[in-house]
Amino acid sequence: MRVKSPPKLLFLINAGLGDVCHAIPILFALQKKWPGMQIELLFASSSAKSLVQLFFPDVTGIVVGDLGPLSQKIYQIIKWRKKRFDFVLSGAHLNSPKTAIIAYLIRAKKSLGMKYEKYSFLYDVSLSKRKNHVYDNFSVLAESLGVKSEDIESGRIHFYEELIKISSHYSSISDEKNSHGKTIAFANGSDNIQRRNWIPSIKRLPTSLIWNIFTEIRQQIEGVFILVGTAEDTFPDKMETESSVIDMRDKTDIRRLIAILCQVDLLICNDTGTMHLAHFCGTPYIALFGPTKGANFAPDGVQSNIVTADGPCAPCHPKSICHSKQCKLLRQLETGKIVSLVKDVLNAKITALSTGLPDRSHI
């Protein structure tokens, strides 16, 4: 298909911070193929939009939560339709049937999505997934437009280098590190999008588990502990009064969060966007999975640093079985096993990274 240069593209990613982390290398690759390409995104969160616009200030887009009532959503589709996009790409979501319908209504010159999406017959081109790993499907969509896989890989490296560059402009936490040993961050985030009967908060770690991990680590490892995320991200109240804990929730913009992740020794987290951002920062992390499957949603699939809560109902994504706001299996994870893994990562007995990104040991 011939398009004018530069073409116009709408990416209906409708994704939070973690998904956008994996989309940014795609955007770098698209801009390399078509310099000056006009790109618009549909975001799921303001943090996702802030991250993208750090590197692509000319990329426009709207956060789905800002659209308001149905009439406003219809008006937005009409506005998109008038722009006559050359391409509309889906966000390749497992359980978002609206994406294909929206793509159809926009009537771009060419729409592309994945065959496993509901109503995929509405796309002009329906592509087969390469692996079960969700984020590989972003590459499948981009490569169908003629983007080279090596350019996507270069985009990953470029993303990492830009994150390190951002971190260098912020004061280091090395003073705390030198006087208190290791610096360990905790994240327990969740997006606010409820797709069908999926409850995102079910991915959050129980506060009792976090407290047990924290107290056992504190007994065995000298260090400073940092809480990152939004005000809604839950941690034990008792942690906030601990002298070794620095509560940075809702006190950092996206740039400062990047700096913190680039400077800490380790991140302990659930399946959350901060995990993905840490991955691209080259930060060692230990992620605790239950409702979602690490092989599908961890940055590089199942690794030695992924701890999974096993049970007959896990994983339950995209349709939770118990209708609970919190996963019961996560409460049963063995604290001792997690703390042992923390010590192994900090002592470099195992690597928590298989990113293919440059070594960040010089930071």
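What follows is calculated from the coordinates using simple rules that are stated; it is not laboratory data. Quantities reported herein were computed from a predicted structural model and do not represent experimental measurements. No Cβ is skipped: glycine too gets one built from the backbone with ideal geometry, and neighbour counts run over all protein chains shown.
Could you tell me the relative contact order of the chain? Use alpha-carbon pairs under 8 Å, at least six residues apart, and round to a whole percent. Write out the running numbers ahead of the final one.
Values: 679 pairs, mean separation 57.0, N = 363.
Here the relative contact order equals 16 percent.
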Extent of the chain along each principal axis, from alpha carbon coordinates, in Å, largest to smallest?
62, 45, 35
Can you give me the long-range amide H partners of residue 11? Hydrogens built in the peptide plane at 1.01 Å from N, cutoff under 5 Å, separation of 5 or more residues or another chain.
40, 41, 42, 89
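With a 10 Å Cβ neighbour count serving as the proxy for reagent exposure, in which order, fewest first, do 322, 262 appear?
In order of increasing Cβ crowding within 10 Å: 322, 262.
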Points 7 angstrom from Cα along the Cβ direction at residue 63 and residue 149: gap in nanometres?
3.7
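Using helices alone, I'd like the mean residue ellipticity at 222 nm for the chain: each DSSP H run of four-plus residues gives -39500 (n - 2.57), total over residue count, nearest 500. All intermediate terms of the calculation are to be shown ahead of the outcome.
Values: 13 runs with 137 residues, N = 363.
When only DSSP H runs of four or more count, the value is -11500 deg cm²/dmol.
Quick one: order 121, 11 by neighbouring beta-carbon count within 10 Å, fewest to most. Write out the running numbers ahead of the final one.
Numbers: 121 11, 11 28.
Going from sparsest to densest Cβ surroundings: 121, 11.
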For the range 106-153 and the range 254-287, compute the distance between their C-alpha centroids and round to whole Å.
28
Expressed in Å to one decimal, the Kirkwood Rh of the range 284-343 from all distinct alpha-carbon pairs is 12.1
Provide, for q = 0.20 Å⁻¹, the log10 of I(q)/I(0) from a solvent-free Debye sum over equal Cα point scatterers in the range 8-165.
-1.42
Given the candidates 139, 108, 160, the one whose Cα lies deepest towards the positive end of the charge dipole of the range 54-181, counting +1 at each Lys or Arg C-beta and -1 at each Asp or Glu C-beta, is 108
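Taking the Cα centre of the range 173-346 as the origin, how large is its charge dipole in debye, to the nearest 20, when only Lys and Arg (+1) and Asp and Glu (-1) carry charge on their Cβ atoms? Don't jump to the answer; show the numbers that get you there.
Values: 19 positive and 19 negative charges, 129 e Å.
Dipole about the Cα centre, nearest 20: 620 debye.
How do 335, 183, 272 line up, fewest other C-beta atoms within 10 Å first? Kindly include the intermediate steps, with their values, before the conclusion.
Values: 335 17, 183 20, 272 26.
By the 10 Å Cβ count, ascending, the order reads 335, 183, 272.
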Cα-Cα P(r), the range 173-346, percent of pairs per 10 Å interval:
10, 41, 37, 11, 1
Alpha carbon Rg of the range 98-170, scaled by the compact-globule rule 2.2 N^0.38 Å:
1.41
